[in-house]
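Structure first, then comments.
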């Protein structure tokens, strides 16, 4: 009888391929089953899917298994947001303190690299075009359909990890059939469409590449993140319907052209052929998926399979990567007693998954409605000044989420307390003129 430790991962996406490296490090023989074909063999087009923003939690998970430096080679630092007004005026808002940045990376590029690392460093075997059809939670056996030849296969391991995304087959075909398993999905009323803003003729960038660009327009917004080749992946978030400006209201190329010309004039100048490129990428929806528990028997869900969120805090991947950190720490703590590990992971990490989803929804309103609001920008300035003076007393919410490893659930709680304090500060008469005064700093300090 072999003492070899075996693990199956369903899904060769970002979390699945990183988790394979972790498991290999712990001495597991890892097999990954992926429904799609090998993305490395297809031409990965930039702008295939929302660019990702890698921040502290993600880097920590990558660096723990020594793969961070490989990913750094393809990452572009963004030091803050640049807001574009209708008149073309630009406002810069730093993300954190001096030297703190989030990093733009292409989902396809990083996924391909993670697969290479899982195979080379982790010795994982990846089987493509295999769709999960059934799960036996007690025995750790999964049934898969080979999409190339229609045959059914079975495989079994000591532990199985569902890293197969928001529409997880393991969750849908297995977990959701269990008694007392909770699941909910909430589609927000907005969708998104991607637009690829090409580089200049000479390959240079049309916008500052070291910033996340936002065109906030109240009920909708456009954002842009730089790619390595001089282009930008731009994403328009907007209601599907029910509003004057909505995806379903724009039926013709003329309407698209007119919309960009009047709503995003500076963008239109850079891309006058926007109407022709409009249909290059599909219109997609956005949802939050909640479930509990995140495990049953020998199977556990990670990343989007457990806690899919909307992309407005740039934390979907970072949160999924942090699942790897959490599980890894539990493996050390409980000596690979998977029953105990899964119990604690489900119970403790769930509240952070929920908090991340709440934070992501909240940040949508911030990006869409508030970042163009002078009162909001002043509020951020006051917070930054106070935080600079009393770094132990105040870490702004964005920095807690993005530049620290404070638990999402703790950051959410703290953020609500800070909000109440700042609401009072903003009521101080003539705050615009007095925001730098000692009185304002003391008002904050007294409430802490």
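The values are calculated or read from the model by the stated rules, or taken from the named source; none is laboratory data. Since this is a predicted model, take the numbers as computed values, not measurements. Neighbour counts are summed over all protein chains in view; Cβ atoms, including those assigned to glycine, are modelled from backbone coordinates with ideal geometry.
Take residue 380 and decide whether it is farther than 18 Å from residue 359 by Cα and either touching a residue at least 24 places away in the same chain (Cβ under 8 Å) or buried (at least 18 other Cβ atoms within 10 Å of the Cβ) (or both).
Against the criterion (farther than 18 Å from residue 359 by Cα and either touching a residue at least 24 places away in the same chain (Cβ under 8 Å) or buried (at least 18 other Cβ atoms within 10 Å of the Cβ) (or both)), residue 380 does not qualify.
For segment 220-251, give me each residue that is surrounded by 15 or more Cβ atoms within 10 Å (Cβ to Cβ), in a loop (DSSP other than H, G, I, E, B) and touching a residue at least 40 places away in the same chain (Cβ under 8 Å).
220, 227, 228, 231, 240
Among (1) within 26 Å of residue 358 (Cα to Cα); (2) touching a residue at least 60 places away in the same chain (Cβ under 8 Å); (3) surrounded by 13 or more Cβ atoms within 10 Å (Cβ to Cβ), where does residue 167 come up short?
(2)
Within segment 344-361, how many residues turn out to be out of contact with any helix residue (DSSP H, G or I) (no Cβ under 7 Å at 6 or more places or on another chain) and closer than 14 Å to residue 161 by Cα?
Going through segment 344-361 one residue at a time, the tally reaches 1.
Go through segment 335-377 and give me each residue that's surrounded by fewer than 17 Cβ atoms within 10 Å (Cβ to Cβ) and part of a loop (DSSP other than H, G, I, E, B).
Across segment 335-377, the qualifying residues are 335, 336, 337, 373.
Given the structure, is residue 71 assigned by TED's automatic domain parsing to the domain that holds residue 121 and either over 30 Å from residue 135 (Cβ atoms) or surrounded by fewer than 18 Cβ atoms within 10 Å (Cβ to Cβ) (or both)?
On the way: assigned by TED's automatic domain parsing to the domain that holds residue 121: yes; either over 30 Å from residue 135 (Cβ atoms) or surrounded by fewer than 18 Cβ atoms within 10 Å (Cβ to Cβ) (or both): yes.
Yes; evaluated as a whole, the condition is true for this residue.
What number of residues within segment 1-11 satisfy the criterion of being more than 19 Å from residue 137 (Cα to Cα) and modelled with pLDDT of 95 or more? Break it down into steps so the answer makes sense when it comes.
Step one: list which residues in segment 1-11 are more than 19 Å from residue 137 (Cα to Cα), which gives 1-4.
Retained after the next criterion (residues that are modelled with pLDDT of 95 or more): none.
So the answer is 0.
Looking at segment 252-282 only, could you name the residues that are farther than 22 Å from residue 218 by Cβ and free of Cβ contacts under 8 Å to residues at least 12 places away in the same chain?
Selection gives 252, 272, 273, 279.
So which residues in segment 409-438 are under 14 Å from residue 389 (Cβ atoms), loosely packed, with under 12 Cβ neighbours inside 10 Å and without any contact (Cβ under 8 Å) to a residue 12 or more places away in the chain?
The answer is 438, and nothing else.
Is it the case that segment 15-38 has a residue that's at pLDDT 90 or above, over 18 Å from residue 163 (Cα atoms) and touching a strand residue (DSSP E or B) at 6+ places or on another chain (Cβ under 9 Å)?
Yes, the conditions are met somewhere in segment 15-38.
Looking at (1) within 27 Å of residue 337 (Cα to Cα); (2) in contact with a helix residue (DSSP H, G or I) (Cβ under 8 Å, 6 or more places away or on another chain); (3) in a helix (DSSP H, G or I), can you tell me which one residue 113 breaks?
(1)
Evaluate segment 339-355: report whether one residue or more is out of contact with any strand residue (DSSP E or B) (no Cβ under 8 Å at 6 or more places or on another chain), more than 17 Å from residue 296 (Cβ to Cβ), assigned by TED's automatic domain parsing to the domain that holds residue 435 and at pLDDT 90 or above.
no
What number of residues within segment 105-144 are more than 18 Å from residue 7 (Cα to Cα), crowded, with 17+ Cβ neighbours inside 10 Å and modelled with pLDDT of 95 or more?
0
The rows are residues; the columns are (1) within 20 Å of the chain's Cα centre (by Cα); (2) in contact (Cβ under 8 Å) with a residue 40 or more places away in the chain; (3) more than 19 Å from residue 223 (Cβ to Cβ).
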| residue | (1), (2), (3) |
| --- | --- |
| 332 | no, no, yes |
| 339 | no, no, yes |
| 342 | no, yes, yes |
| 350 | yes, yes, yes |
| 354 | yes, yes, yes |
| 358 | yes, yes, yes |
| 363 | yes, yes, no |
| 373 | no, no, no |
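Can you confirm whether residue 171 is at pLDDT 95 or above, in contact with a strand residue (DSSP E or B) (Cβ under 7 Å, 6 or more places away or on another chain) and not in a strand (DSSP E or B)?
Judged against the criteria, residue 171 is a match.
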